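Asker: Dumping the structure here so I can ask a few things about it.
Values in this text are rule-based calculations from the coordinates and carry no lab data. These numbers come from a predicted model, not from an experiment. Cβ placement follows ideal geometry from the backbone for every residue including glycine, while neighbour counts extend to all protein chains displayed.
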Amino acid sequence: MSEQTIGVFDSGLGGLTAVRELIKILPGEDIVYFGDTARVPYGTRSRDTIRKFAMQDLRFLLDKNPKAVLVACGTISSVALSDLRAMTEIPVIGVVEPTARAACNATRNGKIGILGTSATVKSQSYQTAIGAIDPSIQLTAQACPLFVPLVENGYLDHPITELAVKEYIAPLQEAGVDTVILGCTHYPLLKPVLGRILGDHVTLIDSGKEAALALAAALKAQNQLSSAAEGQRRYYVSDEVGNFSHIAGMFLNQNIDGAVEKVSVKTDD
Ligand code: DGL
């Protein structure tokens, strides 16, 4: 048993897709969330910048003495996971491996599509992870740089979002995929539009949810789950709390206004 908190972070709101799942499956756990809303998006930046930001974010969370950290960001998980793991002894779980496994289990025709940020697609992280599981699977990857700003600005189900979705999924539809990885944790917030346009015959794999399930399994295997009935949740952001609280509250289906605080992460390296 461990009553220590679980750390979760992302460049912004996306990691809440993992938090929502964690609250559902592990309601007794304390969670400390950090969203780097002052520097979002990460996915259009260089590897070096993403790595530097991610290490600063993790350092902030490690000061909260967590028992494990969930890197609830496809971009960071794709380009900086080994750097982050080198910073601490506690488990640091990324989204790519568990999501790749879930997609391989879900596909029936062996054709999987990946939607992710430019950095995630460029890193080929999903190609590597899926290739290791089943090299016969055919992958079609598409970068969707407009999705993160749409989510951060609350355009979750809007005609502008529909247009962007249609544009980005065209190559996946052409390839005949039956499974689509929402490889950026922001994208499950667009699930209603994505599901509607892709249709029922396509299975959507939510990377935030799969990562949360992997973290829960890791804590259980190490006998590190909390014995509390109801956990406390704190949310930290690096920019204004208002926009984050509003969209996060809607997505988590609860008012979190009093639990959100603006902080500065140390950027002196
Ligand atoms: N949620 C992040 C991801 O999973 C968003 C990246 C971004 O900030 O561009 O990739």
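Asker: Under the condition of being surrounded by fewer than 21 Cβ atoms within 10 Å (Cβ to Cβ) and touching a residue at least 24 places away in the same chain (Cβ under 8 Å), which residue from region 175-192 is farthest from the ligand (Cβ to nearest atom)?
Answerer: Filtering region 175-192 for residues that are surrounded by fewer than 21 Cβ atoms within 10 Å (Cβ to Cβ) and touching a residue at least 24 places away in the same chain (Cβ under 8 Å), the one farthest from the ligand (Cβ to nearest atom) comes out as 176.
Asker: In addition: Being of a type in the set (Asp, Glu) and under 13 Å from residue 215 (Cβ atoms), is that true of even one residue in region 16-27?
Answerer: yes
Asker: Being small (Gly, Ala, Ser) and within 24 Å of residue 37 (Cα to Cα) narrows it down to one of 238, 226, so name that one.
Answerer: Step by step, each of 238, 226 is checked, and only 238 is small (Gly, Ala, Ser) and within 24 Å of residue 37 (Cα to Cα).
Asker: Can you pull out every residue in region 132-155 that is within 15 Å of the ligand (Cβ to nearest atom) and either buried (at least 18 other Cβ atoms within 10 Å of the Cβ) or not polar (S, T, N, Q) (or both)?
Answerer: 141, 142, 143, 144, 145, 146, 147, 148, 149, 150, 151, 152
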